[in-house]
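Below: the structure, in structure tokens.
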Amino acid sequence: MSLQELLATPPAIVAAGVDVFSDALRAQGAEVHDVDWRPPAFGDPADLAALALDARRAAANRTAVERVLAAGSQLVDVQPARAVLDLPDRMLLHAGPPIEWADASGPMRGALIGACLFEGWADTAEEAERILAAGEIALDPCHHHSAVGPMAGVTSPSMWMWCLQDPVGGGRAFCNLNEGLGKVLRYGAYGPEVIERLHWMADVLGPVLAAAVRTPLEAGVDPIDVKAILAQMLQMGDEGHNRNRAGSAITLRELAPALAEVDAPAKAISAVLRFIGGNEHFFLNLGMPTAKLAMDAARGVPGSTMVTVMARNGTEFGIQTAGTGDRWFTGPAQTPVGLFLGDYGPDDANPDIGDSAITETYGVGGFSMAAAPAIVRFVGGTVPDALATTERMYQVTLAENPAMAIPILGFRGSPTGIDVLKVARTGWLPQINTGMAGAVAGTGQVGAGLVQPPQECFEKALAALAEETRAA
Amino acid sequence: MAAPPTGVRSVVLRSGVYADSVKLMQVSRDVGATEGVTGVLVAMATPLNLEIAENMGLAPDEEASPEQLLIAIRATDDAALAAATAAVDAALAARERSSATAATIPLRTIGAGLDELPVDTEALAIISVPGQYAVAEAADAIAAGRSVLVFSDGVPVEHEVLLKRAAHDAGVLVMGPDCGTAIVSGVALGFANVVRPGPVGLVAASGTGAQQVSCLLDAAGVGVSHVLGVGGRDLKAEVGGLATLDALAALDADPATERVLLVSKPPAPAVAEAVRAAADGLSVPVRDAVLSADAPDLTAAVEGLLADMGREVPAWPSRPGPDEKAVPGAVLKGFFSGGTLADEAMLLASPALGEIRSNIPLRPELDLGTDLAAPGHVVVDFGDDALTVGRAHPMIDPTLRLEAISNLAARREPAVLLLDVVLGYGADPDPAHSLVPALTAARRHVPLPVVVALIGTEGDPQGWSRQADALAAAGAAVFASNAQATRYALDLLGGAR
């Protein structure tokens, strides 16, 4: 609204600060909206001001958000990691920011051990530990390879990967196949049944899925639109991170006809269908790379204060921003608060782990908690708590994603594009829904709950963004 | 995770009961936390959950199917087991209660507050948060295409420039920083008076200056269209009149504004020239009310404007004080809450009195520093930033000035006390209430003539006449014009004049 229009009619006032002025305005009968302002939770005031005044910021954030919202996600292939990620023979990818074996937590170690056993690099867990400790296996974040992995996120060359493509920007993103629940590699379990399942996934599941995905594409059928499935599941009570029931069911429906036509023994096809049908989190490994595609589209926008990555390796939480390229800003990972399986309790849980917070970075998961009220009860909350969580996240984000509508909020778009500056100013850290891995290597899942990033990540990112602003 | 085989256990499977896993984990946790219970698993009997039950030593004896609800409890004794079983039943039957709603989530920033408004709402932001944080809030308003009044002081001048450039590009106005007064389309923001609507637009780099001018115009029966405060630094070289130029252009285009009065301290010469050139290019006539050694008097500027408009200059409201004799050898003590009013008093008094020391001195060598009790002619601006750190503006909180009055009487230095009292929105709801006892007490001690510049209107919440009568009853001479009050004080200083 221009200055001219302002002078044409008595304005409504939005006020931040001392009450006396708002009271005076009310005494005049003016329309006053008070903001419940608090001093920023962190950040040097000079840094906050420098970023607030950066003439590039508004346009840069607009560009970053537009790229995120525009990005699509199509399922274009299923291939071994070795083939699509060009992985060197003795390298393992892992979730979160870079980490060495010496600093790795129990579930991360368990998963790395399991991957060495699966690849045949070691015959026993002890031998695997030895070669990992000796640095004979290179470790590198999934995120450095356009990939994401849930929980430990350990991805080895022989594991099969979903290959997703953004039809708008042409980017690609990858994620391994979900193993199901219980004792699984991603939660750090590496017992014989875990390794056996991984072999079945590599020998049967991967090739069958590859055929089911590729054959229709070769026949000219449109690829499966994974972004559309993510949008649908929000309408059906999922938030796309801790709850993927509807998404997994839709995926199975989409794949089933092609699966039935795969040239494989009926028993193998049946096993694949049963495996997918029995795994409520099957879609997670498609939703994560969908978010990754969108967030990668916004990489490298100088002046943008938008977060492009939130990821955890079980020891540290790390974030990246659109304005600071590939730099990681890290802090110690927190332990989630939530509910536990069986006899497990808070002492059994490992600190936060996994690349799955890419879903929150994209605006689903904890940010779209209102779409999946069942999830909020992990912390003893209620449906209104779920709504309140999403409301808070609107105040730390730059946009609403019209493609990801939340029915109970009047189909308002999900809060998308975390703004480091808004996080500092509101003091509200991103809300993440997550599984909990057992702290001891080999345990597996112990529960699920809610967690937030350490403030430190955002403090470091804010300082770096301010420094970049001054240098620009 | 192997379970101790002690105590009693109950493992039952129920059919036709379904609850989702989250609800069941909650029930398990809550019941598991009760006394005497050593293990609980309430879960759908899926293979995974049966495996967990087995690990806990709580596997069902019969064949289970995933549609069944497994309720497995281990306790120290039968009583605890029975209590736990009842607790599970109660928890499964319980209805949820709300603990929060989306409506309870507060809006934390100006940006979030503006986002809540319908886009076609005419709105502006007012910011009075600590200065170091005001910039981000103001930037929110500009980004949202809204004008903003920044009351906060302590905003670095380079930030002011960046904000005002961004505002100019966005077609909105930044009033301030350190801007206490504005009236936009009849809505008074910050410290502002209830003045009648009318044809005169004010652009003011001075808050109390704008209040003095708008109140005198009101007393003359002339109303204002808008009062746009631009902040005390706007006409300095660093800022270059960025907001003044935009405000002039806006008033020129405003059909309600027929004349403009520009109120300020002396601008930087180059800025004055640019503003003059811009003003000359407007269709609306612009008159200056610039305080300087050459034109020291806001009242005279208002009188000039009235003459331009062909209006008669009224007798400005006043209440004569008691018939007090001049006090030869006395000094002027000006205790002000308005910086511009203090400045005007010094400019008017200096030619007669010579040097006047002040915390906002006319010349640097006259700086009073923090010694508010210095002897000789002294004018203090209690509203100066250095004296408002950590406390409210003296127009709201009179403590410091009342203390200074009391100290003045105690020192018994022959003096004439010149005060301003500023009325209007945002100001002390009854300034005479605290001032009258202080003045009475001081005057009981020493002969202390008191002269008050009472800036306000009859329409103000405090009412000009009500306040004037109360102050006059306490022995003060009261004037609506600060210039008249100052001249009256000079008369009382007698020999000094």
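The values are calculated or read from the model by the stated rules, or taken from the named source; none is laboratory data. Note that the structure is predicted; figures quoted are calculated from it, not measured. No Cβ is skipped: glycine too gets one built from the backbone with ideal geometry, and neighbour counts run over all protein chains shown. Accessible surface is based on the protein model in full, side chains and every heavy atom, while ligands, DNA and RNA are left aside. Shrake-Rupley method; radii C 1.70, N 1.55, O 1.52, S 1.80 Å.
Flag set for A:GLY438, criterion: farther than 18 Å from A:THR359 by Cβ and within 14 Å of chain B (Cβ to nearest Cβ). On the stretch given as the range B:202-226, residues that are more than 23 Å from the chain's Cα centre (by Cα) and outside any loop (DSSP other than H, G, I, E, B) total 4.
Contact map, the range A:165-176: first residue within 20 Å of A:THR155 (Cα to Cα), second residue assigned to a strand (DSSP E or B) and among the aromatic types (Phe, Trp, Tyr), Cβ cut-off under 9 Å, separation 6 or more or different chains; pairs are A:ALA173/A:TRP162; A:PHE174/A:TRP162; A:CYS175/A:TRP162; A:ASN176/A:TRP160; A:ASN176/A:TRP162. The residues of the range B:2-53 that are of a type outside the set (Val, Ile, Thr), part of a loop (DSSP other than H, G, I, E, B) and either open to solvent by less than 50 Å² (accessible area, probe 1.4 Å) or closer than 20 Å to B:ALA75 by Cα (or both), listed by number, are B:ALA2, B:ALA3, B:PRO4, B:PRO5, B:GLY7, B:ALA19, B:ASP20, B:ALA33, B:GLU35, B:GLY36, B:ALA45. Within the range A:50-57, can one find any residue that is within 18 Å of A:VAL396 (Cα to Cα), within 14 Å of chain B (Cβ to nearest Cβ) and surrounded by fewer than 19 Cβ atoms within 10 Å (Cβ to Cβ)? No, the range A:50-57 has no match at all. Exactly one residue out of A:PHE275, A:PHE282 is open to solvent by less than 10 Å² (accessible area, probe 1.4 Å) and assigned by TED's automatic domain parsing to the domain that holds A:LEU75: that is A:PHE282.
Considering A:VAL18, A:VAL35, the condition of being at the interface with chain B (Cβ under 7 Å from one of its Cβ atoms) and out of contact with any strand residue (DSSP E or B) (no Cβ under 9 Å at 6 or more places or on another chain) is satisfied by A:VAL18 alone. When the range B:247-270 is filtered for residues that are at pLDDT below 95 and open to solvent by less than 10 Å² (accessible area, probe 1.4 Å), only B:SER264 remains. Out of all the residues in the range B:447-467, which are assigned to a helix (DSSP H, G or I) and open to solvent by less than 30 Å² (accessible area, probe 1.4 Å)? The answer is B:TRP464, B:GLN467. Residues considered: A:GLY171, A:GLY110, A:GLY153. Of these, the only one that is at pLDDT 95 or above and over 15 Å from A:LEU92 (Cα atoms) is A:GLY171. B:THR486 passes every criterion in (1) open to solvent by 10 Å² or more (accessible area, probe 1.4 Å); (2) assigned to a helix (DSSP H, G or I); (3) touching a Gly at 6+ places or on another chain (Cβ under 9 Å) apart from (1). Checked against (1) in contact with a Ser or Thr (Cβ under 8 Å, 6 or more places away or on another chain); (2) away from chain B (no Cβ under 14 Å), A:ALA71 meets all criteria but (1).
When the range A:28-83 is examined, which residues are found to be without any contact (Cβ under 8 Å) to a residue 24 or more places away in the chain and at positive phi? Across the range A:28-83, the qualifying residue is only A:GLY29. Just a yes or no: is a residue in the range A:200-214 assigned to a loop (DSSP other than H, G, I, E, B) and either surrounded by fewer than 22 Cβ atoms within 10 Å (Cβ to Cβ) or within 17 Å of the chain's Cα centre (by Cα) (or both)? Checking the range A:200-214: not a single residue is assigned to a loop (DSSP other than H, G, I, E, B) and either surrounded by fewer than 22 Cβ atoms within 10 Å (Cβ to Cβ) or within 17 Å of the chain's Cα centre (by Cα) (or both). Residues that are of a type in the set (Lys, Arg) and touching a Ser or Thr at 6+ places or on another chain (Cβ under 9 Å) do not occur anywhere in the range B:129-147. Within the range B:62-73, is there a residue that is modelled with pLDDT of 90 or more and of a type in the set (Asp, Glu)? Scanning the range B:62-73, I find no residue that is modelled with pLDDT of 90 or more and of a type in the set (Asp, Glu), so the answer is no.
Sub-8 Å Cβ pairs linking a first residue in the range B:389-404 that is over 23 Å from B:GLY131 (Cβ atoms) to a second residue that is modelled with pLDDT under 85, at least 6 apart or interchain, are B:ALA404/B:LEU372; B:ALA404/B:ALA373, ordered by first then second residue.
Name the residue, out of B:THR244, B:THR299, that is at pLDDT 95 or above, in contact with a Phe, Trp or Tyr (Cβ under 8 Å, 6 or more places away or on another chain) and open to solvent by less than 10 Å² (accessible area, probe 1.4 Å).
Values: B:THR244 fails: in contact with a Phe, Trp or Tyr (Cβ under 8 Å, 6 or more places away or on another chain).
Residue meeting the stated conditions: B:THR299.
For (1) buried (at least 24 other Cβ atoms within 10 Å of the Cβ); (2) in contact with a Gly (Cβ under 8 Å, 6 or more places away or on another chain); (3) farther than 30 Å from B:MET44 by Cβ; (4) not polar (S, T, N, Q), each residue gets a yes or a no:
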residue	(1), (2), (3), (4)
B:PRO106	no, no, yes, yes
B:ILE110	yes, no, yes, yes
B:LEU124	yes, no, yes, yes
B:PRO130	no, yes, yes, yes
B:ALA144	no, yes, yes, yes
B:VAL157	no, no, yes, yes
B:GLU160	yes, yes, yes, yes
B:HIS168	no, no, yes, yes
B:GLY171	no, yes, yes, yes
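Are there helices (runs of 4 or more DSSP H) fully within the range B:110-199 with at least 1 residues that are free of Cβ contacts under 8 Å to residues at least 12 places away in the same chain and within 17 Å of A:VAL32 (Cβ to Cβ)? List them. Show your work before the answer.
Details: elements: B:110-116, B:131-143, B:157-170.
Qualifying helices (runs of 4 or more DSSP H): B:110-116.
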